[in-house]
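*Asks:* Can you keep this structure in mind? I'll have questions shortly.
Derivation of every value follows stated rules applied to the coordinates shown; laboratory data play no part. Keep in mind that this is a model prediction, so the values were computed, not measured. When we count neighbours, we look across all protein chains shown, and the Cβ atoms used for this are built from the backbone with ideal geometry, even at glycine.
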Amino acid sequence: MTTFALIGAGPGLGLAAARSFGKAGHTVALLARDRVHLDDLVAALDGDGIKARGYTADVLDADALTDALHAAAEDLGPIEILQYSPVPRADFMKPVLETTAADLDAPLAFSVKAPATCVNTVLPGMRTLGRGSLLFVNGGSAVRPKGTVAGTSIAFAGESAYAQILHTALAPENIHVAQLIVPGAISPDSATCSPEKLAELLYTLHTDRDGFRHYAEPMSDPQDGTP
């Protein structure tokens, strides 16, 4: 049995994705900062018959993140799928003319350095398995930068570049890297962006292994012109 590791576990998309991968037969490792919050999510998954454990880690703490992923692999089995989808902090979203160099430190650590820490931690295990999936979830500012949310736009662009480079580099090793762009709000009432619909799409990205960038709903990409 292999493990689905979720970075940024929450009661919306995170729980839905954990259910999707758990019902497919994977054990589930949930990583977030709040232990009580994690215990509630584990209890919900346990009620669905899904084996899950929670691990406390702040994505801005590389050592804690690494330790949590190692512990998850040891406790639950090798990590085959990693989903990186923590919600950015509100203070990352200053207007561009109010954003200083120091203001970019945390967003870049959150969206570039932390993903690199996660990938480098789980990659040896995926190579041993001979397969794996790295799934990155971003908002629309990753492909259409917004001056009102400069820190997130800049950091998401860096995460996108990192993930796309990984997609090319790891494909020969049967490790699939994909990015899901969610242009708008995640809402239970949305036909395309409900937690359950997005979770289904993420599972399909893992199983179909087709291409790098995918959209939850149509959105033109000024970088490559694709919908």
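*Asks:* To the nearest 20 debye, what is the magnitude of the charge dipole of the chain about its Cα centre, counting +1 on the Cβ of each Lys and Arg and -1 on the Cβ of each Asp and Glu? Walk me through the intermediate numbers first.
*Replies:* Numbers: 16 positive and 26 negative charges, 62 e Å.
So the dipole magnitude of the chain works out to roughly 300 debye.
*Asks:* Let me ask you something else. In a shell of Cβ-Cβ distance under 13 Å around SER20, excluding SER20 itself, what net charge do Lys and Arg (+1) and Asp and Glu (-1) give? Provide the component values of the computation, followed by the final result.
*Replies:* Numbers: positive: ARG19, LYS23, LYS197; negative: ASP48, GLU196, GLU200.
Summing Lys/Arg as +1 and Asp/Glu as -1 gives 0.
*Asks:* Normalised by the residues of region 1-141, what does the relative contact order come to in percent, with Cα pairs under 8 Å and at least six apart?
*Replies:* On the way: 218 pairs, mean separation 38.0, N = 141.
Result for region 1-141 is 27 percent.
*Asks:* Sticking with this structure for a sec: Can you compute the modelled spin-label distance between ARG131 and SER187, with each label point 7 Å from Cα toward Cβ, in nm?
*Replies:* 3.8 nm
*Asks:* Got the relative contact order for region 161-202 handy, in percent, Cα pairs under 8 Å and 6 or more residues apart?
*Replies:* Numbers: 27 pairs, mean separation 9.6, N = 42.
Relative CO of region 161-202 lands at 23 percent.
*Asks:* Determine, for PHE92, PHE212, PHE4, PHE21, the number of other Cβ atoms within 10 Å of each Cβ, and report the residues in order from fewest to most. Walk me through the numbers before you get to the answer.
*Replies:* Working: PHE92 22, PHE212 17, PHE4 30, PHE21 27.
So the ranking, lowest neighbour count to highest, is PHE212, PHE92, PHE21, PHE4.
*Asks:* What is the packing order of peptides 37-50, 66-79, taking the mean over residues of other C-beta atoms within 10 Å and listing the highest first? Don't skip to the answer; put the middle values down first.
*Replies:* Values: 37-50: 14.9, 66-79: 18.5.
Ranked from most to least packed, the peptides come out as 66-79, 37-50.
*Asks:* Then there is this: Measure nothing but the geometry: give the 0 to 90° angle between the long axis through the Cα atoms of 150-170 and the longest principal axis through the Cα atoms of the chain, rounded to 10°.
*Replies:* 50 degrees
*Asks:* If you take every residue apart from ARG127 with its C-beta less than 12 Å away from the C-beta of ARG127, what net charge results, scoring Lys and Arg +1 and Asp and Glu -1?
*Replies:* On the way: positive: ARG131; negative: GLU80, GLU173.
Net of charged neighbours comes to -1.
*Asks:* Tilt of helix 195-208 relative to the longest C-alpha principal axis of the chain, in degrees (0 to 90, nearest 10)?
*Replies:* Between helix and principal axis, roughly 80 degrees.
*Asks:* Starting from 0.36 nm per residue, how many nanometres of slack lie between GLU74 and ALA116 once their C-alpha separation is accounted for? Show your work: numbers first, answer last.
*Replies:* Values: separation 42, 0.36 × 42 = 15.12 nm, distance 2.05 nm.
Residue separation times 0.36 nm, minus the Cα-Cα distance, leaves 13.1 nm.
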